[in-house]
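Peer 1: Pasting a structure here, questions to come.
The values are calculated or read from the model by the stated rules, or taken from the named source; none is laboratory data. Here the structure is a predicted model, which means the values were calculated and not measured. Positions of Cβ are backbone-derived with ideal geometry, glycine not excepted, and every protein chain shown enters the neighbour counts. For the accessible areas, the whole protein counts, side chains as well, though only heavy atoms, and no ligand, DNA or RNA atoms are used. Shrake-Rupley method; radii C 1.70, N 1.55, O 1.52, S 1.80 Å.
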Amino acid sequence: MSILLCFLFLAFGNLSNASRNGGLAMYEIKKGDFSLKVTNYGARIASLVLPDKHGKLGDIVLGYDTAEEFKNDTGHFGAVVGRVANRIAGAKFTLNGTVYKLEANEGKNMLHGGSKGFSQVVWKVKKHVKYGRSPYITLTYHSVDGEEGFPGSVLASVTYALVAPYTLVVKMKAKALNKATPINLAQHAYWNLGNHNSGSILSDSLQIFASHITPVDQGLIPTGEITSVKKTPYDFLKPRVIKGPIKDLPKGSRGYDINYVVDDYKGLKMKPVAVVYNKKSGRVMKVSANAPGVQLYTGNFIDNVKGKGGFIYQSHAALCLETQGFPDSVNHPNFPSQIVNPGQIYDHRMVFVFTTKK
């Protein structure tokens, strides 16, 4: 028995130390037939398995079979993106009289924190409780002063927890250690409630609790306006099948990639954000969060991506609902500020509740 315990201790210790040693690994948390896999590369959600309306288990997140494969990913599959999610115009901003020039990794702009954003680094696994009433995993990352051009050091963490029947809780926190800096983290999971290998999500029904959007220019940079969704293809205030309104988007658009302004946002209070329903599987995903915005992205640029089990992902193979601060808020004083001062805590929480309908 003592030999067995020693073996288990060593095996678990090696796994837990993978991130400290710079190695990549997968970690699982499991609550009955509800399970989540996370890789320490970008603190990414690699899979989420749960039953459909017939009780058949399926994985509803696009991704790869191994942690190593995520290193070649260009779509931020399942990642925590930051230090600032989404786009910053001209890859620069001014804070307290100082102009900060950032790394431009999408034309002249910065996207998702640059080429070495939080999604492209190895996170440290701080705690991993695989089983139990509320299994969870917490990962941390220390972003140094000047990384990708951002001021100040930041200590970030993300916790994934399985609570209640089929509920995923995500808690992101970050602390500015020595300088004021923008922080805007987002969880970039690609959801397909029919199963990751079931094809297009355009037949899914979507509801978003947001009456306004922040319109963008051709470079997907916000204009600074906040406009109503009424009588536009962006109106999901009532449930709509995506393939209907997507056809009415502006010419040249491949699909949705726009920030919605969550209704009745009040500080850190949790608010309903969206509901997605896949009729074939019967799965329903209800999203709530404490962020002022949510980016709807319909996987427009997925193109022949070889994913789990060798399945080839194509455009519209998934949708993302990235709760967040408004894109490019550092350059729009009328947007909710994402500046975090030394000693302050950035606190971003999401809850994903999964049910089924017959």
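Peer 1: For Tyr256, enumerate residues with amide H under 5 Å from its amide H, sequence gap 5+ or separate chain, H modeled in the peptide plane.
Peer 2: The answer is Thr298.
Peer 1: From the phi of every residue in region 51-60, what ³J(HN,Hα) in whole Hz does the Karplus formula 6.51 cos²θ - 1.76 cosθ + 1.60 yield, where θ is phi - 60° and glycine or proline is x?
Peer 2: Once θ is set to phi - 60°, the couplings for region 51-60 become x, 8, 5, 9, x, 7, 6, x, 9, 9 Hz.
Peer 1: Something else now. Let me know the volume per residue of the alpha-carbon convex hull for region 215-358, in Å³. Walk me through the numbers on the way to the answer.
Peer 2: Working: hull volume 23.2 nm³, N = 144.
Normalising the Cα hull of region 215-358 by residue number yields 161 Å³.
Peer 1: While we're here: If I compute solvent accessible area with a 1.4 Å probe over the protein chains, what percent of it on region 73-164 is carbon and sulfur? Walk me through the intermediate numbers first.
Peer 2: On the way: 1880 of 3660 Å².
Carbon and sulfur together cover 51 percent of it.
Peer 1: In sequence order, what are the phi-derived ³J(HN,Hα) couplings for region 161-168 according to the Karplus relation 6.51 cos²θ - 1.76 cosθ + 1.60 with θ = phi - 60°, rounded to whole Hz, with x for glycine and proline?
Peer 2: 9, 9, 10, 6, x, 6, 10, 9
Peer 1: Which of the trypsin sites (Lys or Arg not before Pro) found in region 214-259 are in a DSSP loop and have at most 10 neighbouring Cβ atoms, other than their own, within 10 Å? Working shown, then result.
Peer 2: Working: sites: Lys230, Lys231, Arg240, Lys243, Lys247, Lys251, Arg254; in loops: Lys230, Lys231, Lys243, Lys251, Arg254.
Answer in residue order: Lys230, Lys231, Lys251.
Peer 1: Next up: Check Gln295: other-chain or 5+ apart residues with amide H under 5 Å from its amide H, H built from backbone geometry?
Peer 2: Amide H to amide H, under 5 Å and 5 or more residues apart or across chains, Gln295 pairs with Tyr260, Glu322, Thr323, Gln324.
Peer 1: Search the structure for amide H atoms under 5 Å from the amide H of Val229, placed 1.01 Å from N in the peptide plane, and list their residues when 5 or more places away or on another chain.
Peer 2: His212, Ile213
Peer 1: Still on this structure, I have one more. GNM on the chain, C-alpha springs below 10 Å: top fluctuator among Gln187, Gln324, Gln314?
Peer 2: Judging by the Gaussian network model, the answer is Gln314.
Peer 1: What list of whole percents do you get for P(r) of the chain, with Cα-Cα distances grouped in 20 Å bins up to the one holding the largest distance?
Peer 2: Calculated P(r), rounded to whole percents: 31, 60, 9, 0.
Peer 1: Given the rule -39500 (n - 2.57) for each run of at least 4 DSSP H residues, summed and divided by the residues of the chain, what is its mean residue ellipticity at 222 nm, to the nearest 500 deg cm²/dmol? Please report the intermediate quantities before stating the final value.
Peer 2: Details: 1 runs with 15 residues, N = 358.
For the chain, the value works out to -1500 deg cm²/dmol.
Peer 1: In addition: For region 109-235, what D do you get in µm² per second when you plug the Kirkwood radius from alpha-carbon pairs into Stokes-Einstein at 20 °C and 1.002 mPa s? Mind dumping the intermediate values first?
Peer 2: Numbers: Rh = 18.2 Å.
Estimated diffusion coefficient is 118 µm²/s.
Peer 1: Then there is this: Given a 1.4 angstrom probe, what's the average accessible area per residue across the chain, in square angstrom? It would help to have the intermediate numbers written out before the result.
Peer 2: Details: 15690 Å² over 358 residues.
Accessible area per residue, the chain: 44 Å².
Peer 1: Hey, quick one: spin label on Lys247, modelled 7 Å out along Cα-Cβ, who in region 186-225 has an amide N within reach, i.e. under 16 Å?
Peer 2: Only 202-204 pass the distance filter.
Peer 1: Starting at 0 and stepping by 10 Å, how many percent of the alpha carbon pairs of region 42-128 end up in each bin?
Peer 2: Histogram of Cα-Cα distances, whole percents per bin: 16, 35, 27, 16, 6, 1.
Peer 1: Along Cα→Cβ, 7 Å out, is where each label goes; now give me the distance between the ones at Ala164 and Asn300 in nm to one decimal.
Peer 2: With each label point 7 Å from Cα toward Cβ, the separation is 3.4 nm.
Peer 1: Let me ask something else about it. Using only Cα atoms, locate the centre of region 324-358 and the centre of region 45-124, then give the distance between them in Å, rounded to an integer.
Peer 2: The two parts, judged by their Cα centres, are 15 Å apart.
Peer 1: Give me the percent of accessible area attributable to carbon and sulfur for region 234-358, probe 1.4 angstrom. Can you show the working numbers first?
Peer 2: Details: 3060 of 5670 Å².
Roughly 54 percent of what the probe reaches on region 234-358 is carbon or sulfur.
Peer 1: Determine, for each peptide in 38-44, 85-91, the mean count of other beta carbons within 10 angstrom over its residues, then list the peptides with the highest first.
Peer 2: On the way: 38-44: 27.9, 85-91: 23.7.
Ranking, from highest mean packing down: 38-44, 85-91.
Peer 1: Per-residue HN-Hα couplings for region 34-49, Karplus 6.51 cos²θ - 1.76 cosθ + 1.60 at θ = phi - 60°, whole Hz, x for Gly and Pro?
Peer 2: Going residue by residue, I get 10, 9, 10, 10, 10, 9, 6, 7, x, 6, 8, 6, 9, 7, 9, 10 Hz, with x marking Gly and Pro.
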